[in-house]
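Data first, discussion second: the structure below is written as structure tokens.
FYI, it's all coordinate maths here, none of it is from the lab. Fair warning: this is a prediction, and the values are worked out from it, not measured in the lab. Here the Cβ positions follow ideal geometry from the backbone for every residue, glycine too, while neighbour counts run over all protein chains shown.
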Amino acid sequence: MRCRTPREPDAVRPVTRAEPSLRGALLDMLRLSLGGAIALGFARFAYALLLPTMREDLGWSFTLSGAMNAANALGYLLGALIAAPLIRRAGLGRVFSVAMLLTALTLLACAATGLSVPLLTLRFLSGVGGALVFVSGGGLAALATRAYPERSPLLLGVFYGGAGIGMLLSAALLAHGWRGAWLALGFAALACIPLSAPALRRLPTQAASAPARTPAVSLRPLAWTLAAYTCFGIGYIAYMTFIVAFLKGAGAQAWITPFWALLGLSVVLHPFVWAPVTARLRGARAMTAQMLTLAAGAALPLLGTTPPALLLSGALFGGSFLAVVAFTTLITRHTLPEHAWARGIAAFTVLFAAGQVAGPLLTGLLADRAGGLRLGLGVSAAVLLLGAALAWGQGSGRAA
């Protein structure tokens, strides 16, 4: 049962905002989801579409190609580590807005150079910004669901589905070479910032403070889910980094844009599929089901690159991977007291980022030295299966 903090004096309680209607809450989640569109859809996943062209133009190996996303993930790790103290000092809303701006500017700057070191640096900085957006945005979304606890899976799913909006937009923006694409992504990211602002004015932007002399909250009750999420970070990012290059190498280039669009659309629609499932299953059983679906989606292109197999792969993978991310916020809300929610979300983000550092490097090394991208993607599917098994160990307590 979730712990509740005692009522605090008015002098230290956060400012109370008027509770929105459910329709208004959904609209606010949609506005907040533009942060995910920037942090993941633009700054992380759009790179997969740009990768084949950048490899050809700049002469990159698969190892260097993977290092670009590993640098982004390393920045994501740093951002996750510094998120909680920054949020305590500046508040969720301010961190969210500034981090969106940082990420947008790094996207624009990627158009200015083809040199490896500056690009690695910019990918690192965009990762820092992306993590701060995601941790602060996740905290804002968690606070916003307090008025509608029974609709938490749907509301959080809408927030995390913003990455799919970014993926759909990126498929439409990447038409004029990789430099023009980075510029288009950067300007689109800047445009998202004012669109999210109305939600920040309405939603609570600070969680309740911890009671005086309260001992530090242990994260041990989340141990199995944290371990599973590390595997998720390793496994999912390998697919998202290299699947487009794999399809191009397999002669399926004509299907890349439809595949990517379906992948993004499935991300947007995932809460309507997984929210009712998550509400019924206990513990981390939903996370197990989600990761099994991801493993199946990752394995399908290895079995064949026919259009039905590719599109089914995109639908399964896109419809499940952000559901895993949303679930971690749900189980954090259920397991930890409110003043520790940001810490719990940050812990998941740290381990997720650590997995994302390893995933592209491991896949790139295997692709260059062992069995090509097929072997690397096969290993990522196996890691997702391991994560599904670990999630099963979380226990049978209700997660939302």
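Here the spin labels are modelled as points 7 Å beyond Cα on the Cα-Cβ line, and at Arg94 and Ala197 they lie 1.7 nm apart. Set the Förster distance to 51 Å, then compute FRET efficiency between Ala172 and Ala223 from the Cβ-Cβ distance, nearest 0.05. Step by step, r from the Cβ atoms, then E = 0.75. The angle separating the long axis of helix 162-173 from the principal Cα axis of greatest extent in the chain is about 30 degrees. Length available on full extension from Phe272 to Thr113: 0.36 nm per residue minus the Cα-Cα distance, which gives 53.1 nm. Using a Gaussian network model of the chain in which every pair of alpha carbons under 10 angstrom is joined by a spring, one finds that among Ala382, Ala261, Ala286 the greatest mean-square fluctuation is at Ala382.
From the phi of every residue in the range 186-197, what ³J(HN,Hα) in whole Hz does the Karplus formula 6.51 cos²θ - 1.76 cosθ + 1.60 yield, where θ is phi - 60° and glycine or proline is x? After applying 6.51 cos²θ - 1.76 cosθ + 1.60, I find x, 5, 5, 5, 4, 5, 6, 4, x, 5, 7, 4 Hz. Computed from Cα atoms, the angle from the helix 92-109 axis to the main principal axis of the chain rounds to 10 degrees. Principal-axis analysis of the Cα atoms of the chain puts helix 285-303 at an angle of about 10° to the longest axis.
Could you tell me whether the range 242-332 comes out rounded, prolate or oblate from its Cα gyration tensor? Rule is a ≥ b ≥ c as square roots of the eigenvalues, rounded for a/c under 1.5, then prolate if a/b exceeds b/c, otherwise oblate. In terms of gyration-tensor shape, prolate. With K and R counted +1 and D and E -1, the other residues having a Cβ less than 10 Å from that of Gln394 yield a net charge of +2. Simple spin-label estimate for Gln253 and Arg146 gives 5.4 nm between the two label positions (7 Å along the Cα-to-Cβ direction from each Cα). In this simple spin-label approximation, Arg282 and Thr306 carry label points 7 Å from Cα along the Cα→Cβ vector, and these lie 4.2 nm apart.
Result for the chain in a Gaussian network model with C-alpha springs under 10 Å: among Ala346, Ala104, Ala199, the largest mean-square fluctuation is at Ala199.
Charged neighbours of Ala37, selected by a Cβ distance under 13 Å, balance to +2 (K, R count +1; D, E count -1). Note on the chain: GNM, Cα springs under 10 Å; of Ala323, Ala172, Ala284, the largest mean-square fluctuation is that of Ala172. The helix-based estimate of mean residue ellipticity at 222 nm for the chain, built from -39,500 (n - 2.57) per DSSP H run of four or more residues and divided by its residue count, is -25500 deg cm²/dmol to the nearest 500. Answer rounded, prolate or oblate for the chain, using the Cα gyration tensor with square roots of eigenvalues a ≥ b ≥ c: rounded when a/c is under 1.5, else prolate when a/b is larger than b/c, else oblate. Prolate shape, in that a/c is at least 1.5 and a/b is the bigger ratio. In sequence order, the range 219-225 has phi-based couplings of 9, 4, x, 9, 4, 5, 5 Hz under the Karplus curve 6.51 cos²θ - 1.76 cosθ + 1.60, θ = phi - 60°, and Gly or Pro positions carry x.
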